[in-house]
1. If you scan the stretch 160-177, which residues turn out to be open to solvent by less than 40 Å² (accessible area, probe 1.4 Å), of a type in the set (A, V, I, L, M, F, W, C) and closer than 18 Å to F106 by Cβ?
2. Suppose the filter is surrounded by 11 or more Cβ atoms within 10 Å (Cβ to Cβ) and either without any contact (Cβ under 8 Å) to a residue 40 or more places away in the chain or within 20 Å of G10 (Cα to Cα) (or both); does P63 pass it?
3. Look at the stretch 117-143 and say how many of its residues are under 15 Å from S91 (Cβ atoms) and open to solvent by 20 Å² or more (accessible area, probe 1.4 Å).
4. Tell me, which helices (runs of 4 or more DSSP H) wholly within the stretch 1-89 include 3 or more residues that are at pLDDT 75 or above and closer than 30 Å to Y115 by Cα?
Amino acid sequence: WRNDKRIFAGLAFFMVTILPLIQLIPFGKSLSSERYTYLPYVGIFIVIGLLAKQISMAKPKFPKWIISLLGVWLIFLGIQSWNQTKSWKNSETLWTQVIETHPDAFYAYYSRGMYYTSINKYDLALEDFNESIHYFPTGLAYYERGLANEKIGELGQAKQDYLDAINLDIDYPLAHLNLGVLLAKEGNLKKAIDQFEIAIEIDDTYTLAYFNCATVYKMSGNSEKALAYYSKAIQLDEK
């Protein structure tokens with residue numbers, strides 16, 4: 001502050017803009033999301049530029065070996081950056097690189113499994129969801145594995161996956177909805193309705209849950225309930 005207020009301003013900019021990202025008690029994945037540091041680094045770059053200028057003014061002629069070392073370092077960084085961009089070809093190459101570096105990264109397996117699901121490679125997706133669950137079971141991984149099992153016709157396993165997802169995360173309406181659909185296909189209309197009702201209780205704006213619940217009420221012969229739920233689904237859909 002006394003010697004150069006611009007350097008203080010650069011450091012202050014860095015600290016103020018990065019402060020919301022510093023978690024005293026870490027949660028989620030934000031600590032590993034380096035993109036959030038792009039803006040704060042502007043402050044650091046200001047400080048580096050000002051210090052470089054001060055040094056150059058104090059010593060106009062840098063030793064050649066320092067300039068050569070900086071040149072080699074910049075070339076090295078450029079090559080590393082170029083190699084790193086290859087992993088961003090698609091989600092498969094990105095998450096495969098993460099898995100090769102961190103074989104127990106459950107979220108990397110989950111994310112690659114999601115990519116395989118998006119391109120209809122359900123066998124590969126199931127392998128990754130299995131690995132993700134092996135390292136760290138989550139409701140999301142069980143739910144996505146259930147969807148993949150449904151796609152390949154393994155309805156019994158899909159049903160168990162949805163149940164496991166619910167056991168890990170009781171407030172996950174999608175799992176209740178899909179479990180309800182499978183129960184309805186089995187003819188367990190009462191249990192199917194129970195699952196749809198739970199999904200609605202968790203999220204009272206879940207249009208599809210109202211629609212499915214109405215349909216099962218209709219199948220069970222309760223036209224009054226079916227009409228009420230269809231009406232609610234239409235009301236939500238119109239918003």
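1. First, pick out the residues of the stretch 160-177 that are open to solvent by less than 40 Å² (accessible area, probe 1.4 Å): 161-162, 164-166, 172-173, 175-177.
Then keep just the ones that are of a type in the set (A, V, I, L, M, F, W, C); that gives 165-166, 175, 177.
A165 - this is the single residue of the stretch 160-177 that is open to solvent by less than 40 Å² (accessible area, probe 1.4 Å), of a type in the set (A, V, I, L, M, F, W, C) and closer than 18 Å to F106 by Cβ.
2. On the way: surrounded by 11 or more Cβ atoms within 10 Å (Cβ to Cβ): no; either without any contact (Cβ under 8 Å) to a residue 40 or more places away in the chain or within 20 Å of G10 (Cα to Cα) (or both): yes.
Considered against the rule, which asks whether it is surrounded by 11 or more Cβ atoms within 10 Å (Cβ to Cβ) and either without any contact (Cβ under 8 Å) to a residue 40 or more places away in the chain or within 20 Å of G10 (Cα to Cα) (or both), P63 comes out as no.
3. Result for the stretch 117-143: 6.
4. So the answer is 64-85.
Yes/no per residue for (1) open to solvent by 30 Å² or more (accessible area, probe 1.4 Å); (2) of a type in the set (S, T, N, Q); (3) at pLDDT below 95:
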residue: E150; (1), (2), (3): yes, no, no
residue: A158; (1), (2), (3): no, no, no
residue: L179; (1), (2), (3): no, no, no
residue: A184; (1), (2), (3): no, no, no
residue: D194; (1), (2), (3): yes, no, no
residue: I200; (1), (2), (3): no, no, no
residue: T207; (1), (2), (3): yes, yes, no
residue: L227; (1), (2), (3): yes, no, no
residue: L236; (1), (2), (3): no, no, yes
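The values are calculated or read from the model by the stated rules, or taken from the named source; none is laboratory data. Computed from a prediction, not measured in an experiment: that's the story for all the values here. So basically every Cβ, Gly included, is an ideal-geometry build from the backbone, and we count neighbours across all protein chains shown. Each accessible area value is taken on the protein alone, full model and side chains, heavy atoms only, with ligands, DNA and RNA left out. Shrake-Rupley method; radii C 1.70, N 1.55, O 1.52, S 1.80 Å.
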